[in-house]
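Working notes, structure below.
Nothing in this text is a laboratory measurement; each read-out follows from the coordinates by a stated rule. Model, not experiment: these values are computed from the prediction. Every residue, glycine as well, gets a Cβ built from its backbone with ideal geometry; the counts of neighbours run over all protein chains shown.
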Amino acid sequence: MMKVFVTRVLPEAGLKLLQAAGLEVKQWEEKRKLTQEELIENCRDADALLSAGQQLNAEFLTASKHLKVIALHSVGYDNVDIETATSLHIPIGNTPGVLSEATADTAFLLMLATSRNAFYMHQQILNGEWGFFEPTANLGRELRGCTLGIFGLGKIGIEMAKRSAAAYDMKIIYHNRSRNEQAEKELNATYVSFEELLKQSDVISVHTALTPETEGKFNMAAFKQMKPGAIFVNTARGSIHNETDLTKALQEKMIWGAGLDVTHPEPMSPANPLLKMPNVSVLPHIGSATEGTRNAMACLAAENIIAALKGEKLPHIVNPEIYNN
């Protein structure tokens, strides 16, 4: 019987698929990441790895080159050394498409919550500070008719744009490595340079992959070019923004607010000054955290494993070039 090692407790739908395919599944049940040594040891007699939240570097991949497949419980694969995996002929699968709407909902939530100081005001109630009504206090920002700038107009960015245009008649501009002409037609979106995205946007929402080009893209130089009333939203990867620069930009009122589902590092320290700011909303990386979405992700990951162990091409593969050799 072929064996699958899973780095977290898997949603039931994915687990059932693996078991129905006659695979032996071993899950890591401790509520912490495995160390590199633990991961290597647990994969020693495994045929496949289903990974959630683990760093899969060259050392691990070389020690585990016997693996027939690695399936990620995520769309992003920046935590995997793809070049090494490809050189070792290990196919890497991901879970595209199924989390677009849930993550876009999270981005929309953060935009709206930040615009009305919602997280901070809730904390004021918990602190017993719901006091005297002042007509000029705790004022938020209007979103209707504002300009939404999407950095990375892929599936998630498109869903965020749809919600924002429908709810608040927001004008959509975007910046990608290449133009998305189909989305332009559907959303009446306008392609702009990165500099124009910064200058024109009332809200910037980040939906790009983490790459060497996007790492630290939103730094002090970028924040200085944004509107003083702008809101910055990131539901992609925390490393895309420089958190020290973001904190300073907010403290010095270069921008108005921020909504973050991703931070750098994760988890965020409870002493982080961003958590004390009225115009900042932070969530613990829960963009895809709905029952339906997480089950769908687990199923895609399971399907990738089942296909590979049958000797078939992965339905959702990150490094398809391995099949060219």
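Of note:
- Between the C-alpha center of segment 39-73 and that of segment 153-181 there is a gap of 36 Å.
- Gyration tensor over the Cα atoms of segment 100-282: the corresponding equivalent ellipsoid has semi-axes (square roots of 5 times the eigenvalues, largest first) of 26, 19, 15 Å.
- Projecting the alpha carbon convex hull of segment 7-82 along each direction and taking the average yields 5.1 nm².
- Under 14 Å from the Cα of Lys65 - aspartates and glutamates, other chains or at least 8 residues apart: Glu41, Asp45, Asp47, Asp81, Glu83
- When only Cα pairs below 8 angstrom with a gap of at least 6 residues are kept, the chain shows a relative contact order of 22 percent.
- Ranked by the mean number of other Cβ atoms within 10 Å of their residues, highest first, the peptides 152-163, 31-42, 97-108 come out as 152-163, 97-108, 31-42.
- Helix-only [θ]222 nm of the chain, DSSP H runs n ≥ 4, -39500 (n - 2.57) each, per residue, nearest 500: -10500 deg cm²/dmol
- Converting phi to 3J(HN,Hα) with the Karplus coefficients 6.51, -1.76 and 1.60 and the offset θ = phi - 60°, segment 280-291 yields 10, 10, 10, 10, x, 6, 10, x, 9, 7, 10, 4 Hz in sequence order, with x at every glycine or proline.
- Annotation: the residues Leu139, Leu187, Leu18, sorted from fewest to most other C-beta atoms within 10 Å of their own C-beta, follow the order Leu139, Leu187, Leu18.
- Reach of Lys68 by Cα under 23 Å, taken over lysines that are not fewer than 8 positions away in the same chain: Lys3, Lys16, Lys26, Lys33, Lys310, Lys313
- Listed residues Ala307, Ala85, Ala249, most fluctuating in the chain (Gaussian network, C-alpha, under 10 Å): Ala307
- Dipole orientation for the chain: of the candidates Gly131, His241, Met160, Gly131 has the Cα lying most toward the positive pole (charges on Cβ; Lys, Arg +1; Asp, Glu -1).
- Pairs of Lys in segment 100-282 closer than 16 Å at Cα, counting only those 8 or more apart or on different chains: 17
- Start at zero, step by 10 Å, and the Cα-Cα distances of the chain spread as 6, 25, 29, 22, 14, 4, 1, 0 percent across the bins.
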